[in-house]
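All remarks here apply to the structure that follows.
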Amino acid sequence: MLAENMLLDGECEKTQFEKLYNEYKNEAYYIAYKILDDSALAEDAVADAFLSLAGNFKTVSALDAHKKHGYIIVTIRNSARMILRKGRHHRDDLEYIDEQYIPDEDMNRYDRLWIKECVSRLCREDAQILYLRYALELDHKQIARLLGISGTASRKRLQKARQRLAEKLKEGDENG
């Protein structure tokens, strides 16, 4: 926690971060372990994730409880996957299984279920970037930092994910 404390301003922020850490550390470890299947690597992923959260703590602390939870989960998953990509561990059977949150209250239940179904048919990366942008309402700079990509890559991924989602929605209209 020393490195995290160096990124935080003041005792109040440090106390809030410690509370956040204590609240989510077990769930974070569980998620990382499911992805990495190695306790040491899972601990590394948790440490990396909370270091990232400390660097973005002003953004994280401003989120409501639901969005904060989603942000933390995405951060820990990305930390674990980053370890996989770096070649420290390899596993091919990863899947993105989160329920997608559709925030528009004006939509009827059927429309929300249909969009949720179409999103679930997208690849994990498309579903994830749509979730970050529209459910968590993060901007491209925040998404880029969270995913470890450039802002331009974030915009392009979102654009392609939206196109693929539109195709899935259109397929359903033609079939239904």
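The values are calculated or read from the model by the stated rules, or taken from the named source; none is laboratory data. Since the model is a prediction, treat every value here as computed from it, not as a measurement. Please note: Cβ atoms are built from the backbone with ideal geometry, for glycine as well, and neighbour counts cover all protein chains shown.
Numbers below:
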| read-out | value |
| --- | --- |
| Subset of the stretch 21-43 [touching a Lys or Arg at 6+ places or on another chain (Cβ under 9 Å), surrounded by fewer than 19 Cβ atoms within 10 Å (Cβ to Cβ) and not in a loop (DSSP other than H, G, I, E, B)] | 41 |
| Criterion: over 18 Å from residue 132 (Cβ atoms), under 16 Å from the mean Cα position of the chain (by Cα) and outside the structural domain of residue 124 (by TED's automatic domain parsing) - qualifying residue of 34, 67, 19 | 34 |
| Residue check for residue 47: in the same structural domain as residue 84 (by TED's automatic domain parsing), surrounded by 19 or more Cβ atoms within 10 Å (Cβ to Cβ), in a helix (DSSP H, G or I) and not polar (S, T, N, Q) | no |
